[in-house]
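A quick write-up on the structure given underneath.
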Amino acid sequence: MNTPINLNPWSILDEMLDVDSRLFSNLRARALGKFPPVNVFLDDNAVIVDLKLPGKTAKDIELTLEPQAVVIADRPAAKVNAETGKREETAPAWSRRLNLPFRVNADKANAKFADGILRIELPKAEEANVRHIAISEG
């Protein structure tokens, strides 16, 4: 009996990366299309990031804000080791780092989760605002 061979490049990559490793988890998730769709809106005062996360809740997502980047990750579920009985953290299924074109004001940043959409509002830091400088003669 002949067994069909799946020559889909993503399935071949999936088999090659079938390693439970932090090193390959993001590459594997990207190759399999597991990253959530992201829309980024930029204006003079802020960056707004929308992620579609159907089936998730706010507790399922981890959000980290850096001075000029935001990292969004699937919060890893803790597993209980069958041999030791201890809880072990697993690597996140995916994470996404978005570098921002300016520093943000972390105190005024906020995130809301509703109807499967995570909206992150990141206002521009005061020192990142454009300032006009008067030019004197003489």
Original post:
If packing is taken as the mean number of other Cβ atoms within 10 Å per residue, what is the order of 112-119, 131-138, highest first?
Top reply: 112-119, 131-138
Original post:
So if we plug the beta-carbon distance of residue 38 and residue 133 into 1/(1 + (r/R0)^6) with R0 = 41 Å, what FRET efficiency do we get, rounded to 0.05?
Top reply: 0.70
Original post:
Rounded to the nearest 0.05, what FRET efficiency do residue 79 and residue 45 have when you use their Cβ-Cβ distance and R0 = 30 Å?
Top reply: 0.10
Subject >> Entries of 52/86; 59/86; 56/79; 86/112; 56/112; 59/79 with Cα pairs more than 24 Å apart >> reply: 52/86; 86/112
Subject >> Label-point separation in nm, residue 86 to residue 112, each point 7 Å along Cα→Cβ >> reply: 4.3 nm
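Every read-out reported here was derived from the displayed coordinates using simple, explicitly stated rules and does not represent laboratory data. What you see is a predicted model; the values in this text were computed from it and never measured. All Cβ positions, glycine included, derive from the backbone under ideal geometry; neighbour counts span all protein chains shown.
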